[in-house]
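Contents: one structure, followed by commentary.
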Amino acid sequence: MPVLPRHALPFAPSGATVGLFGGSFDPAHEGHVHVTQHALRRLQLDQIWWLVSPQNPLKQSGPAPLDARLMQARSLMRHPRVQVTPVEAQLGTRYTADTLRALLHLYPGRRFVWIMGADNLAGFHRWDNWRLIMESLPIAVVARPGQQLRALSSVAARRYMRARIPERSAPHLSVARAPAWCFLTCPMRDISSSGLRAKGVWQGADT
């Protein structure tokens, strides 16, 4: 693990509850903002950190340059309790499990919740060390258009069926002992990064 100056990393006071929302954000869009605002409120978190990844190990082609994605994400996500960060690039981690292991080591006394869309839960069993992730911290799964059935019948959902907590208990997810996960329903926005790229809306790769 690289030795980083403390000021280079996101700040969270001791005892804070922090949501970790990871992804390529290629590009970030209003759907990401919507999920973030919903999670802040429903999970009663102190902060959410966007973890803008250098690249997605499950995708063949690389995303737009990291600096371009960070700049675009920061221009879109403006909230005093949300930080857009290049933590994975700073830590030199490639896989989510390694990133989480490093953050849990660097931030003792904080409570983290992993936030992901229902589409990610559907394929979660293909992530590196996915069981370790599930058993390291609570997970909030946010509904995505057309993904609920696939998500809730996925390998991960079935494997950890008994660890699912009811949606009404979402405010207590951050203090739940892992494995623990909650499926959050909310008004959905049918927008995706891949759709924006296909329409030519995002020119970050040429920046």
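The values are calculated or read from the model by the stated rules, or taken from the named source; none is laboratory data. Values in this document were obtained by computation on a predicted structure and should not be read as measured data. No Cβ is skipped: glycine too gets one built from the backbone with ideal geometry, and neighbour counts run over all protein chains shown. Each accessible area value is taken on the protein alone, full model and side chains, heavy atoms only, with ligands, DNA and RNA left out. Shrake-Rupley method; radii C 1.70, N 1.55, O 1.52, S 1.80 Å.
Just a few scattered comments:
- Hits in the stretch 105-122 - residues which are touching a Ser or Thr at 6+ places or on another chain (Cβ under 7 Å), part of a helix (DSSP H, G or I) and surrounded by fewer than 23 Cβ atoms within 10 Å (Cβ to Cβ): 122
- Subset of the stretch 93-104 [among the hydrophobic types (A, V, I, L, M, F, W, C) and either open to solvent by 50 Å² or more (accessible area, probe 1.4 Å) or more than 14 Å from the chain's Cα centre (by Cα) (or both)]: 102, 104
- Residue within the stretch 78-92 that is in contact with a Lys or Arg (Cβ under 7 Å, 6 or more places away or on another chain), closer than 20 Å to residue 8 by Cβ and either of a type in the set (Asp, Glu) or open to solvent by less than 60 Å² (accessible area, probe 1.4 Å) (or both) present: yes
- Residue 159 vs. criteria of a type in the set (Lys, Arg), touching a residue at least 12 places away in the same chain (Cβ under 8 Å), within 22 Å of residue 12 (Cβ to Cβ) and surrounded by fewer than 19 Cβ atoms within 10 Å (Cβ to Cβ): no
- Which numbered condition residue 172 fails, given (1) open to solvent by less than 60 Å² (accessible area, probe 1.4 Å); (2) closer than 19 Å to residue 40 by Cβ; (3) not in a loop (DSSP other than H, G, I, E, B): (1)
- Candidate set: the stretch 40-68, residues that are crowded, with 19+ Cβ neighbours inside 10 Å and modelled with pLDDT under 95; chosen: the one nearest to residue 120 (Cα to Cα): 53
- Answer residue from the stretch 7-39, given it is on the phi > 0 side of the Ramachandran plot and not in a strand (DSSP E or B) and is modelled with the highest pLDDT among those: 15
- Residue, farthest from the chain's Cα centre (by Cα), within the stretch 107-130, restricted to residues that are of a type in the set (D, E, K, R) and under 17 Å from residue 151 (Cβ atoms): 126
- Qualifying residue in the stretch 48-67 (condition: within 17 Å of residue 8 (Cβ to Cβ), part of a helix (DSSP H, G or I) and over 15 Å from the mean Cα position of the chain (by Cα)): yes
- Test: residue in the stretch 123-144 that is touching a residue at least 60 places away in the same chain (Cβ under 8 Å), within 19 Å of residue 45 (Cα to Cα), open to solvent by 40 Å² or more (accessible area, probe 1.4 Å) and charged (D, E, K, R): no
- Pairs meeting the criteria (first residue in the stretch 79-96 and under 17 Å from residue 38 (Cβ atoms), second residue hydrophobic (A, V, I, L, M, F, W, C), beta carbons under 6 Å, at least 6 apart or on different chains) are 82/48.
- Residues in the stretch 133-169 that are outside any helix (DSSP H, G or I) and of a type in the set (A, V, I, L, M) were compared, and the one that is farthest from the chain's Cα centre (by Cα) is 165.
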